[in-house]
Every structure is written in C-alpha cells, then in structure tokens.
1. Within the range 142-162, can you find the residues that are touching a residue at least 12 places away in the same chain (Cβ under 8 Å) and either open to solvent by 60 Å² or more (accessible area, probe 1.4 Å) or in a loop (DSSP other than H, G, I, E, B) (or both)?
2. Provide a single number: the residues in the range 103-130 that are without any contact (Cβ under 8 Å) to a residue 24 or more places away in the chain, part of a strand (DSSP E or B) and closer than 30 Å to G58 by Cα.
3. Out of the range 78-102, which residues are open to solvent by 90 Å² or more (accessible area, probe 1.4 Å), part of a strand (DSSP E or B) and over 30 Å from F143 (Cα atoms)?
Amino acid sequence: MRTIKKINIILFIFMLSPTIFSQDFIKIGAYSGYFSPKDAILNEVYGGKDVMIGLKIGVHVWQGFYAYLSSMQYKQVGETRLGDVTRLQLNPLALSLRYTFSLGIVNPYLESGFTQVYFSEKSDIGSTKDSGSGFSADAGIEFRLSNRFIFDLGAQYSRVRVKPGDIEVDLGGFRVGVSFLVVF
C-alpha cells in the first residue's frame, strides 16, 4: 500500500513539473564520442584515438545558462616498449557552465568547466590508480528535433595533468561527439 502511495506522489509531481518548472529545465541523455589524447606517451602505448561513452545532465540556471554534469569512460589496451600488456581506463567527471544561444531549431553553445579524471592502469609489471583535475572548454550546436528531444553535436578540449610516478602525463585531449538529449 505504501509503495502505491509513493508511486502516485511521484507521478503527481512528474505531471506537475511542466507547470512548476520552466520548459527545458532539465536536459539528460547519452553521449558517444571520439577521443584523441594529447599526451605522446598515451598515444605511443595505447594507440591513442578511440571511442568514449557517457551520460550528460544539464539543469537550467538562468536565461540560457545551464549547469552540466557529465560522466564518461574511455578504455584502451596497449603494449609497452618492453612488450608488456597494459590496460588503461579513464573516467572523466566534468562540472561545467554552458551558455546556449537560443535561435530556434539550431542553437550554438559555448561551455567551460572543471574536469576530474579518475584513472587506472593495470599491467603485468604493476598497477596504479589515481586522479587529477583540470579544465575543459567546449563548443557545439544543439539541433532541436522537437519540444522534448535535442541532438547535440560538440567538440571539447581538456587539460588534466597527473604524475602517477616519475613521469607527468596529460590525460586530457580533444574530443568530438554527439548526445541525444531528452528535455523536461
């Protein structure tokens, strides 16, 4: 009985949300992109460029400004100069502020923010886990497909320097990708 009441309350709030909140209050969706690491060592050991996947959520803050939280994942398997197999996983978590120029169906945007990258590297000779922080800058275009759906095409540059051992590595780079966003 309590579960039914909770479900009814949630459904009631969900149905009222368009009247309480402005249109486009929340944008949420899946992301897929092509990531090219900036660091020469990452490119040499892991071959560099590959697919990155993730999720994005944006909350309308004020007159075209949105606060975005995005979480991504990038995995690679490589080989060191000595022939050791090594596996890399990067998990960037970004908090950014986006301004969207509201022009109608095609809406360009600029975005900048803070990026925290959690990484792990596992190989035959040892493993390491750590994190580092840096910045990101984005630009792109939102294509409004309907009142509830947006196709987002964008590019990002990020810089995140870490020093897991004796060598400093930049886990940032250039990324181009697409998002399919649902608008509430």
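1. F143, N147, R148, F149, F151, L153, Y157, R159, V160, R161
2. 2
3. E79, R87
The values are calculated or read from the model by the stated rules, or taken from the named source; none is laboratory data. Computed from a predicted model, the values in this text were never measured in an experiment. Methodologically, a virtual Cβ is constructed for each residue, glycine included, from the backbone with ideal geometry; neighbour enumeration extends over all protein chains shown. Ligands, DNA and RNA are excluded from the accessible area calculation, which covers all protein heavy atoms including side chains. Shrake-Rupley method; radii C 1.70, N 1.55, O 1.52, S 1.80 Å.
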